[in-house]
Amino acid sequence: MLAPHIKKKVDELWNRFWAAGLTNPLVAVEQITYLLFLKRLEDIDLKRVNRGLKSIYEPNEKEQGEIDDLNVKIARKLAHKEDLDTLRDLYDYGRCRWSYIRQSEKTNPRHLAEVVFPWLRTIDSRLTDQETDSELGGLDKRMADAYFQLDPNKGQVLGDAIDKIDQLFARAGDGSAAQDIMGDTFEYLLSEMATAGKNGQFRTPRHLIRFMVELLDPEPGDKIIDPAAGTGGFLFSAQQYLMRKFTPLNTIRLEWDGTPHRLDGAGTTTGEYAEIHNGANFVGLDNDRTMTRIGWMNLILHDIADPQLVQGDSLSKREGKAKLAELLTPESYRFVLANPPFTGTVDTADLEKDSVLFPRIGGGGKKKDDAVTNKSELLFLWLMLDLLQIGGRCAVIIPEGVLFGNTDAHKRLRRELLTEHVVEAVISLPGGVFQPYTGVKTSILIFRKETRRDDKQNLTGQAPRTEYVWFYEIENDGFTLDAKRNARPGQANDLWDALVKFKTWLNEGRAGAERLEKTYWQPIFHKERWRQALLLDNANQLTAAGSAFANQTDSGMWDGQVWGIHELFREIPSDPKAAEEQIKTEVQPVLLELAKRYLAPATREIWAKWHPAIVQAPQQALDDWQKAIKNLPQEFRRAASDAQRFFESEDTPALSLWKDWIKEALNTVLAEYETIITQANRSSFGEYQAVNNLAQEMETLAREVAKLDGFDVVLRSLAIDQQTTIETAKHWVVPVRNWLQNEDWQSVDGKLQGSHDASGLVRAEYAQAMLAEGLYDDKGNLKDGLLDPDCIEARDWNLSAGQYKPFDFSQLKSDKSVVELIGELRETEQKIIGGLDKLLAMVEGQE
């Protein structure tokens with residue numbers, strides 16, 4: 001969770017680059033990412049050096065050879081020492097360190113363009129042969145065309161950008177807290193590209209990605225591929241999910257939309273932890289080189305070592321493309337997670353020629369060897385099937401047209417998925433989930449591979465491997481469905497209900513689906529206030545806030561990480577409002593008493609002077625009193641203002657409370673004392689303990705109020721166990737092949753009468769007999785009277801959820817019964833048919 005002040009800095013960073021002329025969002029993000037990566041590189045290099053590897057900031061083997069050769073020439077007096085100094089200056093890559101750039105060249109874009117980026121483009125040459133699986137082992141010339149594109153005259157923009165990046169991480173130090181913030185910052189930066197006007201159509205909403213990963217439920221070591229990876233969201237979310245599975249439950253925090261925090265993987269073995277961070281298990285391809293580089297850096301910033309995110313067209317020919325062919329080896333992956341391009345077409349001349357991968361038209365025509373389609377969304381699905389191992393599973397976002405399209409390719413794909421593999425679920429998404437840049441209606445398709453690649457054509461015509469398909473209709477995903485896509489934290493979110501019911505469907509089948517038909521499941525939502533606990537300042541001392549609280553809590557928690565205020569200060573409730581009420585109850589009376597005590601001596605003196613005569617001269621008494629206390633309220637406010645150093649500089653809701661309570665206490669006391677002075681109050685003036693050190697007492701109170709600083713977040717419970725009853729089912733189960741009853745059928749031996757047994761199940765003998773006769777005619781059309789017209793096979797393998805959604809009679813608003821309404825519909829139908837018969841007779845008569 002990024003604190004609001006960090007998001008604000010990222011927004012400012014984005015806007016500075018935008019205003020500097022980098023108006024292409026992809027270019028702007030890439031340039032900002034380069035700066036984040038340069039900062040991260042210095043940390044990565046330190047880890048490498050500690051493992052005994054050579055620093056990337058030292059000359060490479062070739063450059064060191066030139067230096068050594070020059071040393072020899074100097075020894076032989078064939079060259080001058082000045083030449084060596086010049087060469088060493090040229091190869092002084094310490095100037096490429098983030099720390100050097102920040103200290104010496106932060107307002108000099110030319111330094112980055114002419115020194116840093118030429119070095120960055122050759123960074124591969126600075127790695128040793130032993131680093132194939134290290135943090136930077138997968139660079140593979142990714143930076144070979146990396147260029148810094150900021151205008152050389154925009155030095156102030158660069159300086160501001162470097163300052164803001166440093167400010168983002170200054171409070172977290174250089175450890176895991178900074179790593180977490182850097183990854184979250186990168187993700188937030190990518191989310192900015194998805195806002196209106198910033199052309200972010202390539203970004204899949206992260207809450208949907210997390211949902212899809214959880215549906216598949218991977219394990220450490222499972223190989224996962226996204227053949228249209230973009231910025232790598234599916235891959236790093238899969239890694240996050242694996243870390244979550246092995247993090248103690250009492251450690252994990254989930255935001256309302258499922259964003260996980262505090263994932264330490266403490267429950268893993270050494271081998272499992274290594275697999276979770278092994279980039280070989282996270283494979284992605286994307287056709288855009290810039291997107292690939294951004295995605296690769298995204299995974300690096302999320303602590304995946306050597307991720308296999310490479311540039312390449314997953315659908316194109318693989319001949320001469322060794323890396324592409326290797327990563328797309330058939331039946332190599334346990335899981336596929338993707339959101340491939342919608343409604344695109346491909347150049348069939350560049351399409352991979354493997355006819356087992358992409359089916360051909362066939363027949364005897366000229367185009368028999370052409371691919372059955374050039375639609376990218378269909379080709380990607382065939383590719384995903386090809387990549388999966390037997391038993392491997394896929395979750396993919398597809399445009400709705402894939403589910404009901406009536407071209408031969410559409411029907412052929414759906415038939416293959418249903419008959420030769422298992423379609424586990426179709427989850428319909430609302431039309432607005434990809435706003436603001438498209439309103440295309442989409443669904444999540446989940447399937448499991450059952451038939452080997454080499455056998456895929458041999459099972460056509462047999463009983464479908466998929467017996468039933470589970471459908472779920474998402475209506476609310478936690479965000480508004482307009483172009484703004486505003487968050488709706490804590491409100492009903494169908495994704496959580498779908499997770500529970502999908503897992504029940506997998507484990508229990510139709511019985512489980514029926515059992516949960518009228519239930520609705522949600523987690524518990526609650527609010528907490530979090531703050532980033534300040535780490536160390538440059539003087540290596542705890543900051544003012546940190547030192548103020550160090551003696552009240554475990555000082556080890558002031559570590560730059562984000563904590564709840566109730567964790568830092570155990571006496572405070574976790575609910576922000578309850579915490580504020582508790583502190584208010586504790587502090588306000590003391591603050592009021594402090595104001596009384598501070599103003600009491602001067603007030604008592606005037607009261608004693610005028611007490612016998614106040615009735616005769618109230619205005620004179622008031623004038624005297626006001627002169628006597630003239631500077632005291634200002635001094636009180638000044639002491640309160642000085643104590644503000646204990647409050648956060650940003651994310652400080654407590655400061656407004658402090659100011660309000662100071663104002664309220666002072667006004668209350670001034671009003672009370674004015675009444676005593678002017679209204680002949682003859683009771684004795686109270687005795688108050690003297691205020692010996694206003695600043696100290698004010699600081700004590702300020703420190704208590706400052707505990708409330710932070711930012712509010714809505715969290716969800718780990719368990720989705722809150723059950724309510726709903727009137728209309730949100731999921732339904734539909735048979736793929738459902739035989740109509742045929743009471744006249746008899747078995748050959750005459751022992752069996754009727755197609756179905758007493759329990760209503762189709763007889764295996766009947767099904768075999770009908771299959772032997774053929775379900776389809778010579779033209780491939782389904783024969784009449786064999787299958788229920790409402791089953792999936794009878795509807796051209798249509799998988800659109802809306803086609804099978806049960807009719808909800810409870811929504812009918814009528815005084816008449818359902819039977820009466822159906823009767824009226826039949827009468828109306830007969831009238832329409834009669835009218836059409838008359839119209840036909842008239843037309844025929846005219847002819």
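The values are calculated or read from the model by the stated rules, or taken from the named source; none is laboratory data. What you are looking at is a predicted structure, and each value in this text was computed from that prediction instead of being measured. All Cβ positions, even for glycine, are placed from backbone atoms using ideal geometry, and neighbour counts span all protein chains on display.
In region 378-405, how many residues are over 21 Å from I792 (Cα atoms) and buried (at least 18 other Cβ atoms within 10 Å of the Cβ)? Please lay out each step first, then the result.
Pass one, region 378-405, residues over 21 Å from I792 (Cα atoms): 379-380, 383-384, 386-393.
Subset that is buried (at least 18 other Cβ atoms within 10 Å of the Cβ): 379-380, 383-384, 386-388, 392-393.
Number of matching residues: 9.
Of the residues L378, L403, which is of a type in the set (A, V, I, L, M), under 25 Å from R452 (Cα atoms) and in contact with a strand residue (DSSP E or B) (Cβ under 7 Å, 6 or more places away or on another chain)?
L403
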remark   = Expected output for region 342-360 (first residue of a type in the set (G, A, S), partner at pLDDT 90 or above and not in a loop (DSSP other than H, G, I, E, B), Cβ below 7 Å, 6+ apart or cross-chain) is G344/S376
task = Search region 276-335 for residues being surrounded by fewer than 22 Cβ atoms within 10 Å (Cβ to Cβ) and among the polar types (S, T, N, Q), and hand back the single one that is modelled with the lowest pLDDT.
result = T290
query = Which of (1) surrounded by 11 or more Cβ atoms within 10 Å (Cβ to Cβ); (2) under 30 Å from D575 (Cβ atoms); (3) in contact with a Lys or Arg (Cβ under 8 Å, 6 or more places away or on another chain) is the odd one out, the single condition T725 does not satisfy?
reply = (1)
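Return yes or no: is L13 under 27 Å from F148 (Cα atoms), at pLDDT 85 or above and assigned to a helix (DSSP H, G or I)? Working first, answer last.
Working: under 27 Å from F148 (Cα atoms): yes; at pLDDT 85 or above: no; assigned to a helix (DSSP H, G or I): yes.
Judged against the criteria, L13 is not a match.
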inquiry  = Tally up the residues in region 745-770 that are surrounded by 15 or more Cβ atoms within 10 Å (Cβ to Cβ) and of a type in the set (D, E, K, R), please.
reply    = 2
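Quick check on region 787-794. Is at least one of its residues part of a helix (DSSP H, G or I), buried (at least 17 other Cβ atoms within 10 Å of the Cβ) and within 47 Å of the chain's Cα centre (by Cα)?
Our first condition is that a residue be part of a helix (DSSP H, G or I); within region 787-794, this holds for 793-794.
Imposing the further condition that a residue be buried (at least 17 other Cβ atoms within 10 Å of the Cβ) reduces the set to 793-794.
Remaining after also requiring within 47 Å of the chain's Cα centre (by Cα): 793-794.
So far as region 787-794 goes, yes, one or more of its residues are part of a helix (DSSP H, G or I), buried (at least 17 other Cβ atoms within 10 Å of the Cβ) and within 47 Å of the chain's Cα centre (by Cα).
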ask   = What number of residues in region 59-75 are surrounded by fewer than 12 Cβ atoms within 10 Å (Cβ to Cβ) and not basic (K, R)?
value = 5
task = Filter region 91-105 down to the residues that are in contact with a Lys or Arg (Cβ under 9 Å, 6 or more places away or on another chain) and among the aromatic types (F, W, Y), then identify the one that is farthest from G65 (Cα to Cα).
result = W98
query = Any idea how many residues of region 777-786 are touching a residue at least 24 places away in the same chain (Cβ under 8 Å) and either over 10 Å from W739 (Cβ atoms) or exposed (fewer than 14 other Cβ atoms within 10 Å of the Cβ) (or both)?
reply = 1
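When you scan region 141-160, how many residues do you find that are over 14 Å from V116 (Cβ atoms) and of a type outside the set (V, I, T)?
Taking region 141-160 and keeping what is over 14 Å from V116 (Cβ atoms), we get 141-142, 144-145, 151, 153-157, 159-160.
Next, from what is left, pick out any that are of a type outside the set (V, I, T): 141-142, 144-145, 151, 153-156, 159-160.
Counting residues in region 141-160 that are over 14 Å from V116 (Cβ atoms) and of a type outside the set (V, I, T) gives 11.
The rows are residues; the columns are (1) hydroxyl-bearing (S, T, Y); (2) within 27 Å of E30 (Cα to Cα); (3) over 22 Å from the mean Cα position of the chain (by Cα).
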position: L263; (1), (2), (3): no, no, no
position: G271; (1), (2), (3): no, no, yes
position: N278; (1), (2), (3): no, yes, no
position: R289; (1), (2), (3): no, yes, yes
position: R293; (1), (2), (3): no, yes, no
position: P307; (1), (2), (3): no, yes, no
inquiry  = Could you go through region 15-22 and let me know if any residue there is outside the structural domain of Y147 (by TED's automatic domain parsing), touching a Leu at 6+ places or on another chain (Cβ under 8 Å) and surrounded by 13 or more Cβ atoms within 10 Å (Cβ to Cβ).
reply    = no
inquiry  = Being assigned to a helix (DSSP H, G or I) and free of Cβ contacts under 8 Å to residues at least 40 places away in the same chain is the requirement here; does P589 meet it?
reply    = yes
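Matching residues to (1) among the hydrophobic types (A, V, I, L, M, F, W, C); (2) at pLDDT 90 or above; (3) farther than 27 Å from E517 by Cβ:
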{"residue": "E743", "(1), (2), (3)": "no, yes, yes"}
{"residue": "M770", "(1), (2), (3)": "yes, yes, yes"}
{"residue": "G823", "(1), (2), (3)": "no, no, yes"}
{"residue": "G834", "(1), (2), (3)": "no, no, yes"}
Wholly enclosed strands (runs of 3 or more DSSP E) of region 628-746 bearing at least 2 residues touching a helix residue (DSSP H, G or I) at 6+ places or on another chain (Cβ under 6 Å) and either among the basic types (K, R) or closer than 30 Å to A769 by Cα (or both) = 731-735
task = Output the residues belonging to region 370-397 that are modelled with pLDDT under 95 and either of a type in the set (D, E, K, R) or assigned to a strand (DSSP E or B) (or both).
result = D370, A371, K375, E377
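Taking region 224-249, which residues are part of a loop (DSSP other than H, G, I, E, B), of a type in the set (S, T, N, Q) and at pLDDT below 95? Steps first, please.
To start, the set of residues in region 224-249 that are part of a loop (DSSP other than H, G, I, E, B) comprises 227-232, 246-249.
Within this subset, residues satisfying the condition of being of a type in the set (S, T, N, Q) are 231, 247.
Residue satisfying the conditions is T231 alone.
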